[in-house]
């Protein structure tokens, strides 16, 4: 199994309802592809982004989200459980490496923290106008107070030579808006910011994060996410 030397792996005959805000997710582990003769295909160097499982199907959820409002005691924010069994969910790279793994005869499962989830897939695609173009959210809905965005890019020139544009980590166009997180234990912003699809947002710091590495993306290669608490300005056309 990928990353066995870095994980807590448990062989358990049964799986029940998870505790401590954990979500039990059925996964198919990302492995190197092999030729018919057994040769490993791919780059010679190890690439974390290409060899880690970032999504799976929800098997069991917590009965409710536990939030104590104190640093060092559980989640950093309060939120609701917005997923159900059968949903496909996506989580961050660090969560993929850190979560415990359960193996049994029925499959392989990750125990992912609910507050590490970024988004889920929904039943119906929705279409939004962004700068004159039509953009689909790909059946996606953000969790944990996140919004999904398309990054803005800055053009560069050196004399008369045009250089490749650079992504602005503090500016993006909003394509999907999630529900509000009612509270955070730190005084680091709030979710009361009025954000709508099509808004161009500016962030307090460069907190815009790509949902996936574009080389291995199974969703939109340009899609990024950020929590609304970090938005300091909204440009609405």
Quick count over the stretch 36-61, residues being modelled with pLDDT under 90 and surrounded by fewer than 18 Cβ atoms within 10 Å (Cβ to Cβ), is 16
Which one of these is without any contact (Cβ under 8 Å) to a residue 40 or more places away in the chain and not assigned by TED's automatic domain parsing to the domain that holds residue 145: 69, 86, 74, 107? 86
Please find, within the stretch 182-203, the residue that is surrounded by the most Cβ atoms within 10 Å (Cβ to Cβ) out of those that are in contact with a helix residue (DSSP H, G or I) (Cβ under 9 Å, 6 or more places away or on another chain) and at pLDDT 90 or above. 201
Could you tell me which residue of the stretch 77-96 is surrounded by the fewest Cβ atoms within 10 Å (Cβ to Cβ), considering only residues that are modelled with pLDDT under 90 and within 10 Å of the chain's Cα centre (by Cα)? 93
Among (1) at pLDDT 85 or above; (2) in a loop (DSSP other than H, G, I, E, B); (3) surrounded by 11 or more Cβ atoms within 10 Å (Cβ to Cβ) - the single one residue 108 does not satisfy: (2)
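The values are calculated or read from the model by the stated rules, or taken from the named source; none is laboratory data. Treat the numbers as computed from the prediction; the structure is a model and nothing was measured. Don't worry about glycine lacking a Cβ; one is built from the backbone with ideal geometry, like all the others, and counts go over all protein chains shown.
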